[in-house]
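The values are calculated or read from the model by the stated rules, or taken from the named source; none is laboratory data. On a predicted model such as this, the values are computed, not experimentally measured, just so you know. Please note: Cβ atoms are built from the backbone with ideal geometry, for glycine as well, and neighbour counts cover all protein chains shown.
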Amino acid sequence: MRRALGVVLGGGAAVALPLVAGDGYLTHLAISVLVFSMLASSLNLLMGYAGLVSIAHAAFFGIGGYASAILALKHGVPFWGALALAPLVTAVVALGIGLPSFRTRGIYYIIVTVAFQLIASEVFDNWYAMTGGGLGLRGVPRPGPVPFLPGVRFDTAPAYYYLVLVIAASVQALMAAIVRSPLGRTLMAVRDNETKALMLGLKPLGPKTLAFVVASAIAGLAGSLYVHYLQYANPEFFTFAVSVDVFLAVILGGVGTVWGPPFGVLVLEVVREVLHETVALRLLLFGVLLVVLIVFLPQGVLPPLARLARRLLPARASAARR
Amino acid sequence: MIQVLANGVINGAILALMAISLTIIFGILRVPHFGLGGVFVWGAFAAYFAVTRAGLPLFPAILLAAAAMAVLGVVVEKVAFRRLRGASEEAMFVAAIGVLIVLENGALLLWGSETRSIPVPETLQSVVSFGKLLYLPAMRVLIFVVATVAFGTLYVFVRWTRIGKAMRAVAQDPVAARLLGVPIDRVASATFALGSAMAGIAGAIVGAAFTFNFEMGGLSVLKAFVVVVLGGLGSVAGAIVGGFALGVVDSVTLTYVTSQFKQLVAFGVLILVLVLRPSGLFGERSPRADLQGRG
């Protein structure tokens, strides 16, 4: 009941936003929030359910973005083709790096992801022939006409917003479905106690690999959406710092909750807007936030907020939740 | 060729200093303290202000930077890591990254983004020649000397002082050490002080021999981690050997192979070593076995 109310309110606001904001800055921000919530949700699949703490998500975001931009600019692939191929390219790369990296554990796994992120950043920055180096790739096209649906176009910001909204909502639905599926259950069992899961006869490698590839493909999809919206791909969009931002959003919202990570992205975006003139101060605050969260609130802010809301609204709390 | 090797050895000395500070904190307390990158930067700033504002000579300034960073290290341990004792490596890593971001951006807010260099006396600006084969700026020779003295001091400290013995006991078995009455909080403070002082010295000598700015810490601490992994986590000898090895490899790659993809080699090696030989080249135990042992 309360949940349905939340969905109606949130969904209504999301659908109505461009009608109010039009082509303006708010729509631009909203697109960015949606793209990053896809990133945060897919990273949460790794961190929250598969137990893989990764600081390389911006690398996969970038691989998808560059793949899409290169396909569109150098091979004349239309937007819709590039949007479909970018996650595939990202998934293949993820499979290549993912399988060997699962040999490592704990801090070593994190370090492999950090190293991969830095290597990817260096490639984006220096492989002039493909990525345009520090100048990036300009003129990435906005979507052309939709196949089989003449007259439907997504080339303005509000229209593009709806496209991203539908895709981001699908990603959320996919996440909720994965968590409830046998795949999600296996991942959580392995995350909580690998030895016990092995004794129960679960085989972690397949599910882990699948989660990693799916999460990376979603990051690639987000990258494709991002560069086609900005019509520009640049190494600065896909750095270590961006990986840490996404990571912080997941921890802030709540690791291992379906709606926490998008909520974390939203909060961080508001902070970013408020402090947009003093980047150093914002980053300092983010650093403090990382320490405070991990020490005092490792489950993030959404679960306690939800508990608080339930306590304040006891009559509705008995209705089904989650 | 000899010149290239010598440059590598000198960069290796700095890497080894950073790697040792990482490895003692990880080896003793199991804390992957990437915040040392920030301490490295603050050490450089501390020495810089000791020379420019207080007018101290270079060596006292380096010592002062080391002392100041030791204090900073104790504070960082109390604020960020004490409550996380016994938490997962992932949690501690998150806190460490937070500390790194805070220290780097704190330096940016306090002292700005310009690239600086610690002024050195003129006697140190000369070039030393070694039998006409090799020419090195005196500052770089000094790096080597300071690093060696720091290694020696560390060895003596950990080997023969009471708190040094306590540190080794905690490294071997924290639970048993605690049962035998080793004051774990004091050991943690001392370990962070020691590691941070080493990182501060590394920052100060880099700032004097080269240039520094607020954001040089992140990359150098990651490089240092490559070294630590090469040498085997928790192995001080491994950190020294690994430091020199990576310094030479870096220098050779830069000169003969590619300057465009210079980090790629270091981090590619890191991934390969972690995947193929997780215990490092000199490590005694596999981190995976270790992890299973601790549940």
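Would you say A:I63 is assigned to a helix (DSSP H, G or I) and in contact with a Leu (Cβ under 8 Å, 6 or more places away or on another chain)? The answer is no for A:I63.
The helices (runs of 4 or more DSSP H) located wholly in the stretch A:78-176 that include 2 or more residues which are within 20 Å of the chain's Cα centre (by Cα) and surrounded by fewer than 17 Cβ atoms within 10 Å (Cβ to Cβ) occupy A:79-101. Against the numbered list (1) surrounded by 22 or more Cβ atoms within 10 Å (Cβ to Cβ); (2) in a loop (DSSP other than H, G, I, E, B), B:G86 comes up short only at (1). For the stretch B:12-44, filtering for residues that are farther than 28 Å from B:L110 by Cβ, in a helix (DSSP H, G or I) and not hydrophobic (A, V, I, L, M, F, W, C) leaves 3. On the given criteria, is A:S121 within 10 Å of chain B (Cβ to nearest Cβ) and modelled with pLDDT of 90 or more? So A:S121 fits the description; yes. Scanning the stretch B:80-92 for residues that are more than 7 Å from every other protein chain (Cβ to nearest Cβ) and of a type in the set (K, R) returns B:R82, B:R85. Just to be sure before I move on: is A:I70 in a helix (DSSP H, G or I), within 14 Å of chain B (Cβ to nearest Cβ), at pLDDT 90 or above and in contact with a Leu (Cβ under 8 Å, 6 or more places away or on another chain) in the structure I sent? Against the criterion (in a helix (DSSP H, G or I), within 14 Å of chain B (Cβ to nearest Cβ), at pLDDT 90 or above and in contact with a Leu (Cβ under 8 Å, 6 or more places away or on another chain)), A:I70 does not qualify. So for the stretch A:231-242 (the condition being under 18 Å from the mean Cα position of the chain (by Cα), closer than 30 Å to A:P182 by Cβ and among the aliphatic types (A, V, I, L, M)), does at least one residue qualify? The answer is no, given that none of the residues of the stretch A:231-242 is under 18 Å from the mean Cα position of the chain (by Cα), closer than 30 Å to A:P182 by Cβ and among the aliphatic types (A, V, I, L, M). Cβ-Cβ distance below 8 Å, separation of 6 or more or different chains: which pairs start in the stretch A:174-188 with a residue that is without any contact (Cβ under 8 Å) to a residue 60 or more places away in the chain and end on one that is not in a helix (DSSP H, G or I)? Taking only residues 6 or more apart or on different chains, the pairs are A:T186/A:L202; A:T186/A:P204. Taken over the stretch B:93-119, the criterion of being more than 8 Å from every other protein chain (Cβ to nearest Cβ), surrounded by fewer than 19 Cβ atoms within 10 Å (Cβ to Cβ) and part of a helix (DSSP H, G or I) is satisfied by B:L110, B:W111. The sole residue among A:T195, A:T131 that is closer than 21 Å to A:G76 by Cα, among the hydroxyl-bearing types (S, T, Y), within 14 Å of chain B (Cβ to nearest Cβ) and out of contact with any Cys (no Cβ under 6 Å at 6 or more places or on another chain) is A:T131.
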